[in-house]
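The values are calculated or read from the model by the stated rules, or taken from the named source; none is laboratory data. Keep in mind that this is a model prediction, so the values were computed, not measured. FYI the Cβ positions are ideal-geometry reconstructions off the backbone, even for glycines, and counts take in every protein chain you see.
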Amino acid sequence: MYFKRLRDLREDKDMNQTQVAEILNTKQTVYSRYERGFQTIPLEHLITLADFYGVSIDYITGRTNVKEVIQKNKDGRFIYKPFFK
């Protein structure tokens, strides 16, 4: 369940829901619903959060436990470690 990871990532950065909602250009109440699993998070918000936290979308959604980032490319996007070898 991705909503647990959303909360954990936010708390690891010592941020509150209002601060994260501002990054997403949404309301705190909407973001709260993402964290509680009451509303599906849009792909563009997943991308924004993955870039902000430096993790993969697969990590946020629980498809992998690998969250390390290798580096940023020239466009400022993160390049992730491969999940499968």
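Quick notes on this one:
- Residue-level analysis places LEU46 among those that are closer than 15 Å to ARG5 by Cβ, surrounded by 13 or more Cβ atoms within 10 Å (Cβ to Cβ) and hydrophobic (A, V, I, L, M, F, W, C).
- Residue count for segment 25-65, restricted to those that are within 13 Å of the chain's Cα centre (by Cα) and either under 13 Å from ARG10 (Cα atoms) or part of a helix (DSSP H, G or I) (or both): 20.
- One residue from VAL20, VAL30, VAL55 being surrounded by 14 or more Cβ atoms within 10 Å (Cβ to Cβ), among the β-branched types (Val, Ile, Thr) and at pLDDT below 95: VAL55
- Restricting attention to segment 13-24, the residues that are touching a residue at least 24 places away in the same chain (Cβ under 8 Å) and not in a loop (DSSP other than H, G, I, E, B) total 2.
- Scope segment 1-30; condition out of contact with any Asp or Glu (no Cβ under 9 Å at 6 or more places or on another chain) and aromatic (Phe, Trp, Tyr); matching residues: TYR2
- Within segment 34-52, the set of residues being in contact with a Ser or Thr (Cβ under 9 Å, 6 or more places away or on another chain) and either on the phi > 0 side of the Ramachandran plot or charged (D, E, K, R) (or both) is empty.
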